[in-house]
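Data first, discussion second: the structure below is written as structure tokens.
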Amino acid sequence: MRKVIFKLALLILCVLFQTSCSQSRHNIIIINVDDLGWKDVGFMGSEYYETPNLDYLSSLGMVFTNGYASASNCAPSRACLMTGQWTPRHGVFTVSPSARGKSEDRKLIPIKNTHTLSPEHETLSKILQENGYVTCHAGKWHLSDNPLEYGFDINIGGGHNGLPKSYYPPYKNVNIEGGKDQYLTDLIMEKAIQFVDTVEKPFFLNYSPYAVHVPIMPVDSLLPKYEKKASWNGQGNAEYASMVDNLDRNIGLLINKLKERNLFDNTLIVFTSDNGGLYGVTRQKPLRAGKGSYYEGGIREPFFFVLNGKIKQNINSDVPITNLDIFPTILDFAKIKDPSLKLDGSSLIPVLEEKANKLERPLFWHFPVYLQAYNINDNETRDALFRTRPGSVVRKGDWKLHYYFEDDGIELYNLSEDIGERNNLATTNPEKTEELLKLLKKWWKETKAPIPKTQNPEYLNNN
């Protein structure tokens, strides 16, 4: 009898110990919005879009005013976030194909794009799953047909599609059950909340709504409010504003569910966007250009981290970071060490815990492909035909250098004085130009970055 009682007591202690350990591990949520611009939220200064829930959530942690996506359009940015690696390492450079725009306007043959992320990559979701987390992807995936093959236990609406054909049912190319009369953003959040409401182990939720990507389809109940509002600083699209507003409302529902289940205080929340806002739909003044461009409007994002007790509230940081830093930061918070991982970002814990106020490292971008323009010629892009031509970018400190492979063109900007990137200092500051160019060339070599060199026989030189 004593042996039975002893074994029972031992079993209870083991269960209690496991439960205690489980509860002490942080839950993790990444909110990675699609095409949300740097100033498309209230906490970054917009006076047109209304985002009270995001404004509240951002006030509970640290906002990075120099937060970047690692690419200026969807698929490569998401591949970087999931792998923690620069684009040359995984080969996802754009949304296929790489030869976009008219062939006669492309001087070089672009580097072939990788359309599907190789499942051999150690994704963030795989690492967390292997370390006891229940993993759920909700919304846009865009990297393969099935996120379940990349370390997710649950998939809500994710596939290879980069946008929904409709936000109204039937959603056509989005594989998701239910939603007979629901707006797609509402349905995805409803299912994500069901996951949060039932999960008992530490969890990772990769919440990546299709919103606010095109097609711009308004939420009818919210549209009148924005139709009555005066436009502000290039922002005035009421239909797009209703999508932003509705997304914010859904994030508020997620916050409420976390609090209802007493999970909020133990959940690390990372908020960002995969690239800049779609120019012509929204603007990010004083930033130049938008999605698809490597000027600031295409890559600078709203970005914050929240974790009660670990990250102080109401803190702004001007430390330059990218979504490559999310992977190592989450592993540090989760106390997961894997020396075999080759990550290109840096853990932000020293900055988040205010033990450091800078990170001494350059940031790089590589885009050896073409992306056609918006058909809007107002000097926001380098030329009227392309949002960007093949090139690379490096930022170190306040300085940012653009390099273009077609003509060896160089642009140099001091972002502390010229955040709009209008005053090219490449010829007036040759020392800084050479310093950053050397960094870029060294990085090309280290990452084996593919450089387009083959001339396009169909190119017509119109100059």
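The values are calculated or read from the model by the stated rules, or taken from the named source; none is laboratory data. Computed from a predicted model, the values in this text were never measured in an experiment. In this analysis, Cβ positions are derived from the backbone assuming ideal geometry, glycine residues included, and neighbour counts consider all displayed protein chains. The protein model used for the area step is the full one, side chains on, heavy atoms only, and it has no ligands, DNA or RNA in it. Shrake-Rupley method; radii C 1.70, N 1.55, O 1.52, S 1.80 Å.
Using C-alpha pairs under 8 Å with a sequence gap of at least 6, the mean separation divided by the residue count of the chain gives a relative contact order of 24 percent.
Residues R249, R361, sorted by accessible area with the largest first, give R249, R361 [1.4 Å probe; ligands and nucleic acids excluded].
Computing Rg and the Kirkwood Rh from the Cα coordinates of the range 131-284 gives a ratio, Rg/Rh, of 0.98.
Mind checking which helices in the chain clear 24 Å along their axis (Cα) and have mean Kyte-Doolittle hydropathy of -0.5 or more, DSSP H runs only? Span-like helices, by this rule, are 2-24, 238-260. Between L108 and N456, the built amide H atoms are under 5 Å apart, and every one of these is 5 or more places off in sequence or on another chain.
Between the range 406-436 and the range 52-100, what is the C-alpha centre distance in whole Å? Distance between centres, Cα-based: 24 Å.
Restriction of the trypsin sites (Lys or Arg not before Pro) in the range 358-463 to DSSP coil positions whose beta-carbon has at most 12 other beta-carbons within 10 angstrom yields K358, R422, K448, K453. Kirkwood Rh over Cα pairs of the chain into Stokes-Einstein at 4 °C, 1.567 mPa s: D in µm²/s? It comes out at roughly 57 µm²/s.
Whole-Hz Karplus values for the range 308-322 come out as 4, x, 10, 10, 5, 8, 6, 10, 10, 10, 9, 5, x, 9, 9 Hz, taken residue by residue from phi with 6.51 cos²θ - 1.76 cosθ + 1.60 and θ = phi - 60°; glycine and proline positions read x. For the range 54-163, the average shadow cast by the Cα convex hull is 9.3 nm², which is a quarter of the hull's surface.
Annotation for D398 and E458: the two label points, set 7 Å from Cα along the Cα-Cβ direction, are 4.5 nm apart. Annotation for the range 168-212: GluC sites (Glu not before Pro) lying in DSSP loop with at most 14 further Cβ atoms inside 10 Å of their Cβ are E177, E200.
Approximating the spin labels as points 7 Å out from Cα along Cα→Cβ, the I376-to-N146 distance works out to 4.0 nm. Selection among S242, M62, L36 by position relative to the dipole of the chain gives M62 as farthest towards the positive end (Cβ unit charges, Cα centre). Atom-type composition of the exposed protein surface of the range 394-446 places 47 percent of the accessible area on carbon and sulfur (1.4 angstrom probe).
DSSP beta bridges confined to the chain are antiparallel in about 55 percent of cases. Applying a DSSP loop filter and a limit of 13 other Cβ atoms within 10 Å to the trypsin sites (Lys or Arg not before Pro) in the range 157-216 leaves K165, K172, K180.
For the range 235-276, just say rounded, prolate or oblate: build the C-alpha gyration tensor, square-root its eigenvalues into a ≥ b ≥ c, call rounded for a/c under 1.5, and beyond that prolate if a/b exceeds b/c, oblate if not. It is oblate, given that a/c is not under 1.5 and a/b is not larger than b/c. If only the Cβ of Lys and Arg carry +1 and only the Cβ of Asp and Glu carry -1, the dipole of the chain around its Cα centre is close to 1080 debye.
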